[in-house]
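First up is the structure itself, then whatever we jot down about it.
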Amino acid sequence: MVFRAEGNIVWCNKLAQHLLGFHWPEDSGQPISNLIRTPDFIKYLNKKDFSEPLEMRSPLNVERMLELRIVPYTEGEHLMVVRDVTRLKQLEQMRKDFVANVSHELRTPLTVVTGYLEMLDSDSLPPPAMWQKAQTTMLEQCKRMDSLVNQLLSLSRIEGARRQDNDKPVNVPQLLTYIQTEAQSLNQDKGHELIFNVDASLDIKGAEDELRSAFSNLVFNAIHYTKPGGKIVVDWQLKNNQAAFSVTDNGDGIAAEHINRLTERFYRVDKARSRTTGGSGLGLAITKHVLTRHDSRLDISSKLGQGSTFAFAFGSDKVVRIANKTEKTEKTAKS
Ligand code: ADP
């Protein structure tokens, strides 16, 4: 929009009407300070120093952030350019939150390790039993940091991966066999009943490493968040021409208000509990990211105290049927 040095509007385009709520031609000649009454803006205008842009909330919608730049136009006139920077601001905020979260997550284990190491520095060393405990705790905390850094790396790898690397044939049944073995060893203390219903002929096109973390995050979470002796069922089947994966547990369950937030980075329902499981709150964020890259999305249904189902499906264009493997499974089933 263009306004005269004394503040009257000379011209504005359609977007200015949309962003600032101007009416044209009715507002022609009106003082701009009558139309935009935001105190920050009035102050900015009166100061007459336009070397820096002004950021302010939209007078029409407080959720929207606008950036205003004023430059000299023809003699006695100024041109004001307004930009909607809401998305930019959100991204900036996300980046700040992310750095703050990572620092916070690393600070806790570092404080513990530093604390114990400082004990070594004093004249009287702690008794062996105490030192043993210190060593175990320090190791746990170091593993925690290691796992956090690995998850952060895998997140950044997925974010940086190219789309075209996403359609290699992946032997999902074999992948699930590996995950089953890992799950069994993770499950030793808890002794859950682990059931894997896997269609051995069902492969898909995708990125193997990424899919492995998506599948395993859900299976390992079910183990972590289900009390000893619980039941976990993993399904990999063709349903409505789609390759469908689900993990159902009869564990802790999740209250409805948390469900939509679970895939946010660092979001944990019970920070104290998931800390004991070594959880960082990044697993489901990674899973969501992987699924988006494979044109799928995570579906979560859960009841507090009863259990949860985490599921997703891949479209028919991604499905690969391996005929030989079907025969083999049928034979095995018959024999
Ligand atoms: P974490 O590393 O903390 O497990 P995730 O991103 O994998 O992080 O999960 C986020 C949160 O979702 C967990 O902290 C936990 O509170 C909840 N959650 C995930 N899976 C389950 C499950 N099967 N049952 C109950 N709660 C779960």
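List of remarks:
- Straightening the chain between GLU208 and LEU125 buys 24.9 nm, computed as 0.36 nm per residue apart minus the Cα-Cα spacing.
- Acute angle (nearest 10 degrees) that the helix 128-160 long axis makes with the longest principal axis of the chain, alpha-carbon atoms: 60
- Estimated distance in nm for a label pair at VAL85 and GLN180, the labels positioned 7 Å out from Cα along Cα-to-Cβ: 5.6
- Free of any GluC sites (Glu not before Pro) that DSSP assigns to a loop and that have at most 11 other C-beta atoms within 10 Å, the longest stretch within the chain is 76-335.
- FRET efficiency for LEU117 and SER147, using Cβ-Cβ distance with R0 set to 22 Å, rounded to 0.05: 0.60
- Charging the Cβ of each Asp and Glu at -1 and of each Lys and Arg at +1, and nothing else, the dipole of segment 192-317 about its Cα centre rounds to 520 debye.
- Qualifying trypsin sites (Lys or Arg not before Pro) in segment 1-110, where qualification requires a DSSP coil assignment and no more than 12 other C-beta atoms within 10 Å, comprise ARG37, LYS48.
- Between GLU55 and ASN13, the FRET efficiency estimated from the beta carbon spacing at R0 = 22 angstrom works out to 0.60.
- The chain: C-alpha gyration tensor shape, a/c 1.5 cut-off, then a/b vs b/c: oblate
- Förster-model FRET efficiency, 41 Å R0, ALA5 and PHE98, C-beta, rounded to 0.05: 0.40
- Degrees, to the nearest 10: 208-224 long Cα axis against longest axis of the chain: 70
- Pairs exceeding a 28 Å alpha-carbon distance, out of LYS231/LYS288; LYS205/LYS239; LYS227/LYS288; LYS168/LYS303; LYS96/LYS318; LYS133/LYS231: LYS168/LYS303; LYS96/LYS318; LYS133/LYS231.
Bear in mind that the values in this text are calculations on the coordinates, not laboratory data. Since the model is a prediction, treat every value here as computed from it, not as a measurement. Reconstructed Cβ throughout: ideal geometry from the backbone, glycine too, with neighbour counts over all protein chains shown.
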